[in-house]
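Here's the structure, in structure tokens; my notes come after.
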Amino acid sequence: MSALQIPSFAIPTLAIAGTSDRFPVRRVFCVGRNYPWQAQGASSASPREPLTYFMKPADAIVAAQGTIAYPPQTSDFCHEIEFVVAIGLDGASIEPAAVLSHVWGYAVGLDLTRRDLQAQAKKGGQSWEAAKAFDASAPCSALLPVATLGHPRAGAIWLSVNGVERQRAAVADLIWPVQDIISAISHSVVLKAGDLIFTGTPSGVAALEPGDVVRGGVEGIADFTLTIGSRPPPEGA
Ligand code: MN
């Protein structure tokens, strides 16, 4: 048997509510815009855009608690509160009617974003990784298993900073609902047990500052409180 030429490393894991067991994280899919960001009248008037997604590395997942580092190379570090789905069963080309058997549980997380780098990337037609896939860019609550929670869809998703609410919407308002997201991604790649899907954020995204206390949740599923750490020293200092 061949030997590993560098030391192996731990698989990132998420806490599971009510147990000391953990959920191993394989990949992190993040859906692009997926809530109506302004009152648009009858949303049925125009067909929805095709589903778009990007990735974060599995070790971008950290517990949504304690202090989260303010990352380097940004002065526009933004919150995006998102409903998170955990996949527990492999599947390819899953039809919407069959997807729920592939869901292991639900959580709430943050798609943290270096918005200034994202704006630069959009302008230059460049990739989003520096804006989206940095260290600790995906704080996530403990997972709630379907076995105890079922498949809730009725709650509000919300986020506040220093006690002032900035984001609120209904999970039921998702343009691409959970079943459709899972089906669409599974037609793009083989979904695997351990994959997480961040389902998009409602309006109200804004910048965070060192010392901010961030609370977020999905009613009936999970909530969290964390604090933003101090700015890193300037490079070259
Ligand atoms: Mn997002």
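The values are calculated or read from the model by the stated rules, or taken from the named source; none is laboratory data. Note that this is a predicted model, so its numbers are computed, not measured. FYI the Cβ positions are ideal-geometry reconstructions off the backbone, even for glycines, and counts take in every protein chain you see. Areas reflect the complete protein model, heavy atoms only, side chains present, ligands, DNA and RNA absent. Shrake-Rupley method; radii C 1.70, N 1.55, O 1.52, S 1.80 Å.
Hey, could you check segment 160-180 for residues that are open to solvent by 10 Å² or more (accessible area, probe 1.4 Å) and β-branched (V, I, T) and say which is farthest from the chain's Cα centre (by Cα)?
Restricting to residues being open to solvent by 10 Å² or more (accessible area, probe 1.4 Å) and β-branched (V, I, T), the top hit is V164.
If you check I157, I87, which single one turns out to be among the hydrophobic types (A, V, I, L, M, F, W, C), in contact with an Asp or Glu (Cβ under 7 Å, 6 or more places away or on another chain) and crowded, with 20+ Cβ neighbours inside 10 Å?
Exactly one of I157, I87 is among the hydrophobic types (A, V, I, L, M, F, W, C), in contact with an Asp or Glu (Cβ under 7 Å, 6 or more places away or on another chain) and crowded, with 20+ Cβ neighbours inside 10 Å, namely I87.
May I ask you to say which residue of P145, P210 is modelled with pLDDT of 95 or more, over 16 Å from the mean Cα position of the chain (by Cα), loosely packed, with under 15 Cβ neighbours inside 10 Å and of a type outside the set (A, V, I, L, M)?
P210
Which one of these does E219 not meet: (1) away from the ligand (no atom under 15 Å from the Cβ); (2) open to solvent by less than 40 Å² (accessible area, probe 1.4 Å)?
Tallying (1) away from the ligand (no atom under 15 Å from the Cβ); (2) open to solvent by less than 40 Å² (accessible area, probe 1.4 Å), E219 fails exactly one: (2).
For segment 75-84, how many residues are open to solvent by 10 Å² or more (accessible area, probe 1.4 Å) and within 16 Å of the ligand (Cβ to nearest atom)? Quick ask: steps written out before the conclusion?
Within segment 75-84, the subset open to solvent by 10 Å² or more (accessible area, probe 1.4 Å) is 75-76, 80.
Now drop any that are not within 16 Å of the ligand (Cβ to nearest atom), which leaves 76, 80.
Adding up the residues that qualify gives 2.
Residues of segment 105-114 being within 14 Å of the ligand (Cβ to nearest atom) and more than 18 Å from N34 (Cα to Cα), which ones?
Scanning segment 105-114 gives a single hit, R114.
Per-residue answers, yes or no, for (1) under 20 Å from L191 (Cα atoms); (2) touching a residue at least 24 places away in the same chain (Cβ under 8 Å):
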{"site": "M1", "(1), (2)": "no, no"}
{"site": "I6", "(1), (2)": "no, no"}
{"site": "R22", "(1), (2)": "yes, no"}
{"site": "R26", "(1), (2)": "yes, yes"}
{"site": "C30", "(1), (2)": "yes, yes"}
{"site": "M55", "(1), (2)": "yes, yes"}
{"site": "A69", "(1), (2)": "no, yes"}
{"site": "P72", "(1), (2)": "no, yes"}
{"site": "A92", "(1), (2)": "yes, yes"}
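Within segment 107-142, track down each residue that is of a type in the set (A, V, I, L, M, F, W, C), open to solvent by 10 Å² or more (accessible area, probe 1.4 Å) and touching a Pro at 6+ places or on another chain (Cβ under 7 Å).
As a first pass, look at segment 107-142 and keep what is of a type in the set (A, V, I, L, M, F, W, C): 107-108, 110, 112, 117, 119, 121, 128, 130-131, 133-134, 136, 138, 140, 142.
Subset that is open to solvent by 10 Å² or more (accessible area, probe 1.4 Å): 117, 119, 128, 130, 133-134, 136, 142.
Within segment 107-142, A133, F134 qualify.
Looking at segment 24-44, is at least one residue charged (D, E, K, R), out of contact with any Gly (no Cβ under 9 Å at 6 or more places or on another chain) and at pLDDT 95 or above? Quick ask: steps written out before the conclusion?
We begin by selecting, within segment 24-44, every residue charged (D, E, K, R); these are 26-27, 33.
When the remaining residues are screened for being out of contact with any Gly (no Cβ under 9 Å at 6 or more places or on another chain), the result is none.
No - not one qualifying residue is present in segment 24-44.
Could you list, in sequence order, the residues of segment 181-207 that are among the polar types (S, T, N, Q), within 16 Å of the ligand (Cβ to nearest atom) and surrounded by fewer than 17 Cβ atoms within 10 Å (Cβ to Cβ)?
Selection gives S203 alone.
Based on this model, can you work out whether I16 counts as surrounded by fewer than 21 Cβ atoms within 10 Å (Cβ to Cβ) and not polar (S, T, N, Q)? I'd like the intermediate steps shown before the answer.
On the way: surrounded by fewer than 21 Cβ atoms within 10 Å (Cβ to Cβ): yes; not polar (S, T, N, Q): yes.
Taking the combined requirement at face value, the residue satisfies it.
Restricting attention to segment 57-75, does a residue exist that is touching a Gly at 6+ places or on another chain (Cβ under 8 Å) and not aliphatic (A, V, I, L, M)?
Yes: segment 57-75 contains one or more residues that are touching a Gly at 6+ places or on another chain (Cβ under 8 Å) and not aliphatic (A, V, I, L, M).
Among the residues of segment 210-226 satisfying the criterion of being touching a residue at least 60 places away in the same chain (Cβ under 8 Å) and part of a loop (DSSP other than H, G, I, E, B), which is farthest from D76 (Cα to Cα)?
Step one: filter segment 210-226 for residues touching a residue at least 60 places away in the same chain (Cβ under 8 Å), giving 210, 214, 216-226.
Narrowing further to those that are part of a loop (DSSP other than H, G, I, E, B): 210, 219-221.
Values: P210: 12, E219: 28, G220: 31, I221: 29 Å.
It comes out as G220.
So, of the residues in segment 50-63 that are within 15 Å of the ligand (Cβ to nearest atom) and of a type outside the set (S, T, Y), which turns out to be surrounded by the fewest Cβ atoms within 10 Å (Cβ to Cβ)? Let's see the steps before the verdict.
Residues of segment 50-63 that are within 15 Å of the ligand (Cβ to nearest atom), as a first pass: 51-56, 60-61.
Checking which are of a type outside the set (S, T, Y) leaves us with 51, 54-56, 60-61.
Working: L51: 18, F54: 17, M55: 15, K56: 21, A60: 22, I61: 23.
Among those residues, the one meeting the criterion is M55.
Which one of these is away from the ligand (no atom under 16 Å from the Cβ), under 20 Å from L196 (Cα atoms) and not basic (K, R): A98, A138, A154?
From the options A98, A138, A154, the qualifying one is A98.
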